[in-house]
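*Asks:* Input: one structure, supplied below.
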Amino acid sequence: MLIIDGDYPMAGGATLIQRDLTLPIDKVRSAEPLEPQSPGRPDNATMASLPELRRGSVAAAIVKVGACILRDGHPHGEVRSDDLAYARAQGEMAYYRILQTRGEVRLLKTSRDFTEHMQVWSETEDHDDLPVGFVLGMEGADPILWPDQVHEWYEDGLRVVSLSHYGFSRYSHGTGTGTDGGLLNGAVDLLKNMDSLGMILDVSHTSDESIRQELDNFSGPVLSTHQNCRTITPGERQLSDELLRQIIDRGAVMGHSMDAHMLWPPGVDWQNLPETPPFAKEDVTLEDFVDHIDHVSQMAGNTLHSAIGGDTDGQGGAGNAPLEIDTVADYQKVAEVMDKRGYKQEDIENVMYRNWQRFFEKSLPD
């Protein structure tokens, strides 16, 4: 079955951790180590590469660019200035462009692009030589240095933007700041510019109050690339039922994350994340993952609003994924769990790829 992954921050693994993700997964995992290594993200736990995506029938993914600015009270920041945030995110955009030039990927900028790409994948039995489709998204909007600059990013191919990541960004409060902090200066102007361009708003990693204000000030398409349900797994990183109902009413699709921190039933404190997870790999399974699909489907009355949003390798790799997941190809096992729970084939296909396909065919520009 085809899969669309709603969140694969590929460029981070490539440009920061120096992984050659054009190689088979075993080659990526056994590569000669470079110094310094990224703590907590060993190469031997890498879940995805382009050949592995093809092996797993992952036809397309939302891939990310981004850079968080280091601020007082914001230890998650990776860069120290506006210019560096812009340069790093532009470098990640360039990485995706060169992959397209080499025929490894296809950047899906329009609805027509998406439809044509999915048709090729659905009509081809052997995917080994096909480009993987990428929709370009930004995780945390710090690299958009002023609201009008989003026009430049759009021309470069960016289609999806979340205003925040960890801590507070230039434009809003995000994960690790609690649920009450809202939008910051410039956010409403940025949302208006995104609206005028027909861009897509991602509410992942964004505080509750910021999401409420975003929905009040943005009329365009909304999604959540990688999130889960707070009712099932407590914690500010998940989406409350109140906000889940609002985005469902807006036609949103939620990509459910494979991050075990977001699936472990007791939940974690997102303002004080421990260096070592407070659970073993066997404590989180795909049954927990499908519990979130069940919850959204019950709330919506159908299976049209849940999808896969793996945060693939962004969540720490295979060691921080559910028990049954070693590589992205194992996402196929979600269909097996849903089948055992009595989901119809049409519902399973909705979650595996059709919901994302319909959303982007409707929401991307013509």
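*Asks:* Show the residue pairs that are 6+ apart or on different chains and have beta-carbon atoms under 8 Å apart, the first residue being within region 38-62 and over 13 Å from Val28 (Cα atoms), the second being surrounded by fewer than 20 Cβ atoms within 10 Å (Cβ to Cβ) and at pLDDT below 95.
*Replies:* Here the result reads Ser38/Leu16; Ser38/Ile17; Gly40/Glu275; Gly40/Gly316, each pair linking region 38-62 to a residue that is surrounded by fewer than 20 Cβ atoms within 10 Å (Cβ to Cβ) and at pLDDT below 95.
*Asks:* Would it be correct to say that Arg97 is surrounded by fewer than 18 Cβ atoms within 10 Å (Cβ to Cβ) and over 21 Å from the mean Cα position of the chain (by Cα)?
*Replies:* The answer is no for Arg97.
*Asks:* Checking Pro24 against (1) over 21 Å from Gly103 (Cβ atoms); (2) in contact with a helix residue (DSSP H, G or I) (Cβ under 6 Å, 6 or more places away or on another chain): exactly one of these is not met. Which one?
*Replies:* (1)
*Asks:* Report the residue count in region 214-256 for those that are under 16 Å from Leu304 (Cα atoms) and either of a type in the set (Asp, Glu) or part of a helix (DSSP H, G or I) (or both).
*Replies:* 6
*Asks:* Next question. Based on this model, can you work out whether Arg112 counts as modelled with pLDDT of 95 or more and under 19 Å from Trp356 (Cβ atoms)?
*Replies:* yes
*Asks:* Sticking with this one: Hey, Pro234 hits all of (1) touching a Lys or Arg at 6+ places or on another chain (Cβ under 9 Å); (2) farther than 19 Å from Ser363 by Cα but one; which does it fall short on?
*Replies:* (1)
*Asks:* Looking at Glu324, Glu275, which one is in contact with a Ser or Thr (Cβ under 8 Å, 6 or more places away or on another chain), charged (D, E, K, R) and in contact (Cβ under 8 Å) with a residue 24 or more places away in the chain?
*Replies:* Step by step, each of Glu324, Glu275 is checked, and only Glu324 is in contact with a Ser or Thr (Cβ under 8 Å, 6 or more places away or on another chain), charged (D, E, K, R) and in contact (Cβ under 8 Å) with a residue 24 or more places away in the chain.
*Asks:* Surrounded by fewer than 22 Cβ atoms within 10 Å (Cβ to Cβ), among the polar types (S, T, N, Q), at pLDDT below 95 and over 16 Å from the mean Cα position of the chain (by Cα) - does that describe any residue in region 26-35?
*Replies:* No: zero hits.
*Asks:* For residues that are in contact with a Ser or Thr (Cβ under 8 Å, 6 or more places away or on another chain) and not in a loop (DSSP other than H, G, I, E, B), scanning just region 13-25, find the one that is surrounded by the most Cβ atoms within 10 Å (Cβ to Cβ).
*Replies:* Gly13
*Asks:* Restricting to region 36-69, what's the tally of residues that are crowded, with 19+ Cβ neighbours inside 10 Å and in a loop (DSSP other than H, G, I, E, B)?
*Replies:* Summing the residues that are crowded, with 19+ Cβ neighbours inside 10 Å and in a loop (DSSP other than H, G, I, E, B) in region 36-69 gives 9.
*Asks:* With the structure loaded, tell me whether Thr177 is touching an Asp or Glu at 6+ places or on another chain (Cβ under 7 Å), closer than 30 Å to Val284 by Cβ and in a loop (DSSP other than H, G, I, E, B) or whether it fails that test.
*Replies:* no
*Asks:* All but one of (1) assigned to a strand (DSSP E or B); (2) closer than 24 Å to Gln18 by Cα; (3) in contact with an Asp or Glu (Cβ under 7 Å, 6 or more places away or on another chain) hold for Ala85, so report the exception by its number.
*Replies:* Result: Ala85 passes all but (1).
*Asks:* State the number of residues belonging to region 189-234 that are surrounded by fewer than 19 Cβ atoms within 10 Å (Cβ to Cβ) and on the phi > 0 side of the Ramachandran plot.
*Replies:* Qualifying residue count, region 189-234: 1.
*Asks:* For the subset of region 269-323 comprising residues that are part of a loop (DSSP other than H, G, I, E, B) and of a type in the set (Phe, Trp, Tyr), which member is farthest from the chain's Cα centre (by Cα)? Steps first, answer last, please.
*Replies:* In the first step, residues of region 269-323 are kept if they are part of a loop (DSSP other than H, G, I, E, B); the result is 269-280, 284-285, 301-305, 309-317, 321-323.
The next check asks that each one be of a type in the set (Phe, Trp, Tyr); those that pass are 270, 279.
Numbers: Trp270: 18, Phe279: 23 Å.
Ranking the qualifying residues of region 269-323, first place goes to Phe279.
*Asks:* If you don't mind, another one. What's the total number of residues in region 158-170 that are within 19 Å of the chain's Cα centre (by Cα) and either of a type outside the set (S, T, N, Q) or more than 19 Å from Thr225 (Cα to Cα) (or both)?
*Replies:* 9
*Asks:* Right, another one. Residue by residue through region 183-222, note down the ones that are polar (S, T, N, Q) and either within 21 Å of Asp241 (Cα to Cα) or in contact with a strand residue (DSSP E or B) (Cβ under 8 Å, 6 or more places away or on another chain) (or both).
*Replies:* Within region 183-222, Ser204, Thr206, Ser207, Ser210, Gln213, Asn217, Ser219 meet the criteria.
The values are calculated or read from the model by the stated rules, or taken from the named source; none is laboratory data. Just so we're clear, the structure is a prediction, and the values are computed from it rather than from any experiment. Reconstructed Cβ throughout: ideal geometry from the backbone, glycine too, with neighbour counts over all protein chains shown.
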